[in-house]
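The values are calculated or read from the model by the stated rules, or taken from the named source; none is laboratory data. Remember, predicted model here, so these are calculated numbers, not experimental data. Here the Cβ positions follow ideal geometry from the backbone for every residue, glycine too, while neighbour counts run over all protein chains shown.
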């Protein structure tokens, strides 16, 4: 790897911030095509009630309107670069919307593991919890 190919933690953090912005926009708009690009095929994600979700499940919820976001306000974003291929993100986000017909609103804490592959940066794992 030449010096020009070597990415610094700062470069990676910038890329992840851009990916997070893309992810928020895709989630807000239920843009299934963009979500398909940003989410790894082998995703494991723990939802706010402890249920385990896969990429197929998440995309289906967006495709069918099972998940709808009305407000999406990023409040905090912490990034930890583990390596050139793995990054941990913690995000605090105010969300309002509906999930399977039930309204929700409040602050939520997301933890996401971004993994870089031949497809670029993708979310490979994560969880979300409601903040009291």
Subset of the stretch 106-132 [in contact with a helix residue (DSSP H, G or I) (Cβ under 9 Å, 6 or more places away or on another chain), at pLDDT 95 or above and surrounded by fewer than 16 Cβ atoms within 10 Å (Cβ to Cβ)]: 120
Looking only at the stretch 57-83, and only at residues there that are exposed (fewer than 15 other Cβ atoms within 10 Å of the Cβ) and under 18 Å from residue 115 (Cα atoms), the one that is nearest to the chain's Cα centre (by Cα): 78
The stretch 14-31, residues that are within 17 Å of residue 120 (Cα to Cα) and loosely packed, with under 15 Cβ neighbours inside 10 Å: 14, 17, 18, 21
Restricting the stretch 68-88 to residues that are touching a helix residue (DSSP H, G or I) at 6+ places or on another chain (Cβ under 7 Å) and closer than 19 Å to residue 58 by Cα, the residue that is modelled with the lowest pLDDT: 72
Test: residue 45 is farther than 30 Å from residue 7 by Cβ, in contact with a strand residue (DSSP E or B) (Cβ under 6 Å, 6 or more places away or on another chain), surrounded by 14 or more Cβ atoms within 10 Å (Cβ to Cβ) and modelled with pLDDT of 95 or more: no
